[in-house]
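Asks: Structure provided below as structure tokens; questions to follow.
The values are calculated or read from the model by the stated rules, or taken from the named source; none is laboratory data. Keep in mind that this is a model prediction, so the values were computed, not measured. Cβ: placed from backbone, ideal geometry, glycine included. Neighbour counts: every protein chain shown.
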Amino acid sequence: MFDDVYFSALGGLEETRHVFIDGNNLPARWVDQSRFTVCETGFGTGLNFLTAWALFEETAPADAVLDYISFEKYPLKPEDIKTYLAPWNHVFGSRLDHLCREYPMRAPGFHRIVFLPRVILTLIFDDVNEALPELEANVDCWFLDGFTPAKNPEMWTQTVFENMVRLSNKDASFATFTAAGDVRRGLEQAGFEVRKEKGFAHKRDMLCGRFTGPGREKKKKHKSVSILGGGLAGTACAHVFQQYGLDPVLYEKTLELGAGASGNQTGLYNPRLTALRDPVSNFYAPAFMQGLRSFSKSKDIDFHPCGALHLVTNEDKKKRFAQTAQNWSWQEGALQYLNSDQASDIAGIELDHEALYLPQSGSINPKKLCEAYAEGTEIYFNKTPALEELKTDAVCLANGAGVLDICANLPVHTVRGQVSYVAPTSISQKLKTALCYSGYISPIVNGEHVIGSTFQKWLTHTDILEEDHETNLSKLVEAVPALYGLKAQHGWAALRTTSKDHFPVIGHYKDNVYMSTAHGSHGSLSTLMGAHLLADLLRGGPLCLPKFSVKALTPDRFFK
């Protein structure tokens with residue numbers, strides 16, 4: 001790439017230590033810090049990250065946290081990373097395997113990986129000039145990496161320098177292998193004190209320095225959190241908060257977890273599909289990657305990554321899905337637009353429609369997922385405490401429409417949904433993937449297909465209606481005539497919560513109160529991603545999503 005190398009042939013690890021570790025006076029600068037944030041402009045093989053991680057664990061205070069942010073426009077495959085870094089297996093130990101195992105799908109956007117409560121990676125696959133302005137963080141140290149300025153000038157721009165100023169804490173340091181005059185002048189003009197140091201090996205000079213401006217205001221940190229709600233939103237928060245070292249306590253008003261809209265036995269997980277990369281896609285795409293990594297590690301949740309075919313049943317979907325496949329730019333094979341013959345081959349039954357295929361989509365058991373998420377959390381059942389009774393640092397409202405008891409003017413409402421469980425036929429048992437149309441059908445799970453779902457905002461009960469079974473089956477047959485003849489055996493209904501703009505409501509509400517609600521029909525993914533965002537807000541760390549997505553999610557959007 002760029003006719004340049006990822007690291008010096010004379011010794012990549014030694015170069016990293018000389019330029020970025022010694023150039024930023026590490027580990028001395030983090031020995032008295034409870035949180036230290038590094039931002040890197042070129043992830044490459046991950047050599048700098050692994051070096052910093054190993055050193056941090058060896059030298060930082062036991063309760064300190066390393067937040068490492070890195071940008072990469074052209075991400076490598078994990079197997080290539082392992083090959084490139086094989087000479088230093090003995091140095092990194094299990095960390096290299098851990099990185100390659102958790103490495104996200106190569107898709108543009110923000111990707112959050114929590115390796116340990118004290119080592120957190122925000123890996124951003126995008127052009128640094130487009131993504132850095134969307135980053136929200138308090139940076140202590142900059143690793144300016146990413147190929148030589150002469151061969152990759154786009155990495156060394158005024159946009160980068162200006163956003164370094166925006167994001168830097170007081171006395172934030174930087175180091176870079178280059179001593180190019182344009183880079184030196186750009187940093188000095190932005191407000192950095194710059195000095196030349198001896199370069200690595202045969203390279204004469206490199207640049208180091210520090211930010212001389214006032215720096216960013218430190219963010220407030222919370223440690224203990226009361227969570228109201230024992231569905232997916234609440235239990236996902238409990239699960240994720242523990243990953244970051246927070247102390248959650250969960251309150252559920254009934255006698256069981258997943259008693260409401262999270263109580264389904266089979267739920268599909270799919271991102272919400274948009275034509276363009278926008279605040280919605282930049283939330284749901286990383287949520288999908290987060291879900292894949294989390295579900296695959298969760299025990300006993302009926303995880304079936306069977307794939308999903310989103311059928312093109314009208315001209316609007318034809319245009320939108322084709323643009324989705326093109327504009328989302330996922331790695332090869334992860335998001336495919338197929339003709340009807342190709343879709344039929346994958347589905348295992350005859351389909352009359354083209355389709356957008358996500359081979360890693362599938363289904364989980366939401367109720368079992370709630371139980372898995374809540375493991376290790378202190379839980380109080382049959383209790384709905386008033387806010388003033390709670391003694392924790394912060395409160396998270398994750399109780400669906402129950403947020404209206406606290407915020408009555410929040411524009412959220414319930415939508416009744418009923419699913420139908422059907423016994424397979426000789427044709428339907430051949431179905432290998434989930435099918436999505438104006439409804440959906442799963443392949444066989446626990447001996448049945450699940451077909452859903454109705455959307456009735458005018459109903460507020462959860463009684464099973466025979467006419468809703470008929471609606472679910474008629475939608476299926478209209479989209480997939482080959483599946484005619486299925487009959488509903490039983491059903492399940494619940495009231496989902498959604499917002500007036502059909503996007504979740506996640507973020508700070510007021511004082512020490514936060515919320516995660518209105519997850520609608522994509523809650524298995526959005527609740528998990530939302531929990532990571534809330535964890536960042538609570539701990540005062542870098543945000544795991546771009547600013548425009550955070551702004552689109554916040555409760556404040558309805559009150560400004």
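Asks: Among the numbered criteria (1) outside any helix (DSSP H, G or I); (2) among the charged types (D, E, K, R); (3) more than 14 Å from E40 (Cβ to Cβ), which single criterion is violated by D140?
Replies: Exception for D140: condition (3).
Asks: Checking E467 against (1) out of contact with any helix residue (DSSP H, G or I) (no Cβ under 9 Å at 6 or more places or on another chain); (2) part of a loop (DSSP other than H, G, I, E, B), only one condition comes out false. Which one?
Replies: Going through (1) out of contact with any helix residue (DSSP H, G or I) (no Cβ under 9 Å at 6 or more places or on another chain); (2) part of a loop (DSSP other than H, G, I, E, B) one by one, E467 breaks only (2).
Asks: So for region 77-93 (the condition being closer than 30 Å to K223 by Cβ and among the charged types (D, E, K, R)), does at least one residue qualify?
Replies: Looking for residues that are closer than 30 Å to K223 by Cβ and among the charged types (D, E, K, R), one finds none in region 77-93, hence no.
Yes/no matrix, rows are residues, columns are (1) over 21 Å from H304 (Cβ atoms); (2) touching a residue at least 40 places away in the same chain (Cβ under 8 Å):
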residue	(1), (2)
S442	no, yes
V445	no, yes
G452	no, no
F455	yes, yes
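Asks: Further question: Out of the residues in region 185-229 meeting the condition of being at pLDDT 95 or above, surrounded by 14 or more Cβ atoms within 10 Å (Cβ to Cβ) and basic (K, R), tell me which one is nearest to D405 (Cα to Cα).
Replies: Checked region 185-229; the qualifying residue nearest to D405 (Cα to Cα) is R216.
Asks: Moving on. Are there any pairs with C-beta distances below 9 angstrom linking a residue in region 196-213 that is assigned by TED's automatic domain parsing to the domain that holds R184 and more than 24 Å from N163 (Cβ to Cβ) to a residue that is outside any strand (DSSP E or B) and of a type in the set (F, W, Y), with the two at least 6 apart or on different chains, and if so which?
Replies: Close Cβ pairs (under 9 Å, with a partner that is outside any strand (DSSP E or B) and of a type in the set (F, W, Y)) amount to G199/F177; F200/F177; K203/F177.
Asks: Now a separate question. When you look at G523, is it buried (at least 20 other Cβ atoms within 10 Å of the Cβ), closer than 30 Å to G348 by Cα and modelled with pLDDT under 95, yes or no?
Replies: No.
Asks: Does E136 fit the bill of being surrounded by fewer than 23 Cβ atoms within 10 Å (Cβ to Cβ) and within 30 Å of G523 (Cβ to Cβ)?
Replies: Yes; evaluated as a whole, the condition is true for this residue.
Asks: Identify all residues within region 501-510 that are in a loop (DSSP other than H, G, I, E, B) and surrounded by fewer than 24 Cβ atoms within 10 Å (Cβ to Cβ); write none if there are none. Steps first, answer last, please.
Replies: First, the residues of region 501-510 that are in a loop (DSSP other than H, G, I, E, B): 501-504.
Within region 501-510, D501, H502, F503 qualify.
Asks: Evaluate the following for H469: is it touching a strand residue (DSSP E or B) at 6+ places or on another chain (Cβ under 7 Å) and modelled with pLDDT of 95 or more?
Replies: Numbers: touching a strand residue (DSSP E or B) at 6+ places or on another chain (Cβ under 7 Å): yes; modelled with pLDDT of 95 or more: yes.
Answer is yes for this residue.
Asks: Somewhere in region 284-301, is a residue farther than 29 Å from Q243 by Cα and surrounded by fewer than 18 Cβ atoms within 10 Å (Cβ to Cβ)?
Replies: Just the residues of region 284-301 that are farther than 29 Å from Q243 by Cα, to begin with: none.
For region 284-301, residues farther than 29 Å from Q243 by Cα and surrounded by fewer than 18 Cβ atoms within 10 Å (Cβ to Cβ): absent.
Asks: Suppose we filter region 511-560 for residues that are closer than 21 Å to R272 by Cα and assigned to a helix (DSSP H, G or I); how many remain?
Replies: 24
Asks: Follow-up. So S474 clears everything in (1) small (G, A, S); (2) surrounded by fewer than 23 Cβ atoms within 10 Å (Cβ to Cβ); (3) under 26 Å from S281 (Cα atoms) except one condition, right? Which one?
Replies: The failed condition is (3).
Asks: For Q418, which of the numbered conditions (1) surrounded by fewer than 21 Cβ atoms within 10 Å (Cβ to Cβ); (2) touching a residue at least 12 places away in the same chain (Cβ under 8 Å); (3) within 24 Å of D463 (Cα to Cα) fails to hold?
Replies: (1)
Asks: Please list, ordered by residue number, the strands (runs of 3 or more DSSP E) wholly in region 219-315 having 2 or more residues that are touching an Asp or Glu at 6+ places or on another chain (Cβ under 9 Å). Please lay out each step first, then the result.
Replies: Working: elements: 224-228, 247-252, 267-269, 308-311.
Counting at least 2 such residues, we get 224-228, 247-252.
Asks: For Q331, only one of the following conditions fails: (1) assigned to a loop (DSSP other than H, G, I, E, B); (2) surrounded by 20 or more Cβ atoms within 10 Å (Cβ to Cβ); (3) among the polar types (S, T, N, Q). What is its number?
Replies: (2)
Asks: Specify the residue that is surrounded by the most Cβ atoms within 10 Å (Cβ to Cβ); the eligible residues are those in region 349-394 that are β-branched (V, I, T) and under 24 Å from S294 (Cα atoms). Outline the logic, then answer.
Replies: At the first step, the residues of region 349-394 found to be β-branched (V, I, T) are 349, 364, 377, 379, 384, 392.
Then drop every residue that is not under 24 Å from S294 (Cα atoms), which leaves 364, 377, 379.
Working: I364: 24, T377: 19, I379: 17.
In this case the residue turns out to be I364.
Asks: Those residues that are over 30 Å from the mean Cα position of the chain (by Cα), part of a helix (DSSP H, G or I) and either surrounded by 15 or more Cβ atoms within 10 Å (Cβ to Cβ) or among the basic types (K, R) (or both), I need them from region 159-184; list them, please.
Replies: Within region 159-184, V183, R184 meet the criteria.
Asks: Could you tell me whether D316 is of a type in the set (D, E, K, R) and touching a residue at least 40 places away in the same chain (Cβ under 8 Å)?
Replies: Details: of a type in the set (D, E, K, R): yes; touching a residue at least 40 places away in the same chain (Cβ under 8 Å): no.
So D316 does not fit the description; no.
Asks: Based on what the data block shows, is R17 assigned to a helix (DSSP H, G or I), assigned by TED's automatic domain parsing to the domain that holds D126 and closer than 22 Å to T83 by Cβ?
Replies: Yes: the conditions hold for R17.
Asks: For region 409-423, state whether one or more residues are in a helix (DSSP H, G or I) and at pLDDT 95 or above.
Replies: Just the residues of region 409-423 that are in a helix (DSSP H, G or I), to begin with: none.
Looking for residues that are in a helix (DSSP H, G or I) and at pLDDT 95 or above, one finds none in region 409-423, hence no.
Asks: State which residue pairs qualify: first residue at negative phi and inside region 281-303, second residue acidic (D, E) in any location, beta carbons under 9 Å apart, and separation of 6 or more residues or different chains.
Replies: Sorted first by the residue in region 281-303, then by its partner, the pairs are N282/E134; R293/E102; I301/E371.
Asks: Return the pair list, or none, for Cβ contacts closer than 7 Å from residues in region 360-388 that are part of a loop (DSSP other than H, G, I, E, B) to residues that are among the aromatic types (F, W, Y), at least 6 apart or on different chains.
Replies: Sorted first by the residue in region 360-388, then by its partner, the pairs are S361/Y269; K383/Y251; T384/Y251; P385/Y251.
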